[in-house]
Amino acid sequence: MKALCWHRVGDVRVDTVPDPELLNPRDAIVRITLTAICGSDLHLYDGYIPAMKPGDILGHEFMGEVVEVGPEVNNLRVGDRVVIPFPIACGSCHYCNHREYSLCDNSNPKAELAEKAYGYSPAGIYGYSHLLGGYAGGQAQYARVPYADVGPFKVPDSLTDEQVLFLTDVFPTGYQAAEYCDVEEGDVVAVWGCGPVGLFAQISAAMMGARVIGIDRVPERLRMAREFAGSETLDYGEVDVFDVLKQMTGGRGPDACIDAVGMEAHGFGVAGAYDKVKQTLRLESDRPTALREAIQACGKGGTVSIPGVYGGVIDKLNIGAAFNKGLTLRMGQTHVHRYLPNLLQHIESGDLDPSFIITHRVPLDEAPAMYRTFRDKEDGCIKVVLDPGTA
Ligand SMILES: NC(=O)c1ccc[n+]([C@@H]2O[C@H](COP(=O)([O-])OP(=O)(O)OC[C@H]3O[C@@H](n4cnc5c(N)ncnc54)[C@H](O)[C@@H]3O)[C@@H](O)[C@H]2O)c1
Ligand SMILES: [Zn+2]
Ligand SMILES: [Zn+2]
């Protein structure tokens with residue numbers, strides 16, 4: 001089959017690789033009909049998540065048709081059309097029983113690597129380094145789906161692939177980020193980042209009754225935030241975000257701040273250069289510009305919710321600001337399985353069509369060029385979907 005493989009930093013290629021096979025009785029094989037590139041893939045592309053090996057297949061946002069099932073998968077049949085949550089979850093460990101699927105205790109076969117870095121290992125994730133399991137990803141024509149009796153969710157034929165694909169990650173991720181803010185009617189929620197995650201966080205916070213302020217500097221992303229989430233927007237290249245948020249909230253600051261940017265935040269001036277140099281020299285693994293701002297700008301007693309991915313150590317984080325303002329910090333990979341059925345219902349009932357974020361649809365063969373376009377925010381690129389069928 002054809003698959004998008006990581007070779008080294010900034011170098012991904014579509015290679016011909018062996019087809020996946022069933023390895024365990026609870027596995028299924030899925031023929032992928034649509035897959036997407038995520039902001040999280042950029043952290044692998046740009047080399048900021050460790051433990052990648054040449055030949056690793058990328059991709060954790062994918063859906064398709066079940067073509068083979070293991071003997072212990074009783075809920076799926078060959079021919080079923082499914083979307084697959086990006087964290088791999090066993091469904092029966094302590095964490096899965098608490099619906100904390102992205103913390104599953106059984107799905108990272110290389111847990112000792114993550115335990116060294118983090119103390120305990122989170123769940124395995126498709127196509128997301130050997131730190132998180134070394135699983136082959138879904139930017140490919142086929143994928144092996146472990147714990148297939150837990151992960152894949154069937155989707156109705158009345159909805160297109162484009163409408164349901166983002167249930168695998170960015171829609172639930174934005175939703176969880178907003179839910180973590182415990183929004184009350186009229187709360188002000190400021191969201192750093194108007195990429196797919198930031199946009200779905202803004203839409204979700206608005207649905208929960210918040211007044212939403214989206215922050216970015218890419219004009220088409222800010223436009224999308226206004227148009228689809230009804231957000232007020234700030235261009236951080238033009239205004240002092242802290243000052244303006246303070247003015248907009250009667251001097252109190254937002255009730256909640258969401259960092260939907262993560263470890264590759266863009267920064268200006270001395271602070272931006274400081275992080276870039278330290279990250280390049282590996283003295284700091286992540287660039288926390290947006291997180292620093294979110295903590296500083298958040299009003300007293302507020303919540304900072306962090307869907308943006310961080311991989312390791314950051315510098316100059318004002319924990320005193322968080323402590324003395326009594327902030328609540330919430331973060332983590334998304335418990336996709338928890339939110340997916342409810343969000344699917346919203347799509348089915350016509351409340352929302354997540355396909356609005358798609359700006360590029362191309363055959364899998366064009367994925368390497370699209371990684372560059374998406375990373376560099378060129379050509380109006382907000383979300384790329386790849387069609388492996390026409391590779
Ligand atoms: N928690 C999870 O489970 C989960 C799931 C998916 C993605 N993510 C993470 O969410 C983040 C966003 O993903 P995405 O797909 O939307 O990525 P993206 O790259 O499309 O969007 C990031 C946006 O942040 C903006 N930005 C950069 N620096 C900024 C700054 N200093 N202030 C404000 N905005 C800034 C960029 O212009 C861009 O629009 C990534 O870190 C990704 O890894 C987390
Ligand atoms: Zn993703
Ligand atoms: Zn589990």
Note: among E65, E115, E100, just one is at pLDDT 95 or above and surrounded by 16 or more Cβ atoms within 10 Å (Cβ to Cβ), namely E100
Of everything in region 212-266, what is away from ligand 1 (no atom under 11 Å from the Cβ), open to solvent by 50 Å² or more (accessible area, probe 1.4 Å) and either of a type in the set (S, T, N, Q) or free of Cβ contacts under 8 Å to residues at least 40 places away in the same chain (or both)? Give them in sequence order. R223, R226, E227, G230, E232, E238, V239, D240, D243, Q247, G250
So in region 323-348, with the set limited to residues that are assigned to a helix (DSSP H, G or I) and surrounded by fewer than 18 Cβ atoms within 10 Å (Cβ to Cβ), which one is farthest from ligand 3 (Cβ to nearest atom)? N324
Out of the residues in region 6-50 that are among the hydrophobic types (A, V, I, L, M, F, W, C), open to solvent by less than 40 Å² (accessible area, probe 1.4 Å) and assigned to a loop (DSSP other than H, G, I, E, B), state the one that is farthest from F356 (Cα to Cα). V17
Considering only region 173-200, state which residues are more than 8 Å from ligand 1 (Cβ to nearest atom) and under 18 Å from the mean Cα position of the chain (by Cα). G174, Y175, A178, E179, Y180, C181, V191, F200
I need the full set of residues from region 371-391 which are in contact (Cβ under 8 Å) with a residue 40 or more places away in the chain and under 18 Å from T33 (Cα atoms), in order please. K383, V384, V385, L386, D387, P388, G389, A391
Are any residues in region 349-390 under 18 Å from L58 (Cα atoms) and outside any helix (DSSP H, G or I), and if so, which ones? R361, V362, P363, K383, V384, V385, L386, D387
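Name the single residue, out of those in region 76-105 being outside any strand (DSSP E or B) and touching a Leu at 6+ places or on another chain (Cβ under 7 Å), that is nearest to ligand 3 (Cβ to nearest atom).
Y95
The values are calculated or read from the model by the stated rules, or taken from the named source; none is laboratory data. Quick caveat: nothing in here was measured; it's all calculated off a predicted structure. Because the Cβ atoms are built from the backbone with ideal geometry, glycine has one as well, and the counts that use them run over all protein chains shown. For accessibility, only protein heavy atoms count, side chains too; no ligands or nucleic acids. Shrake-Rupley method; radii C 1.70, N 1.55, O 1.52, S 1.80 Å.
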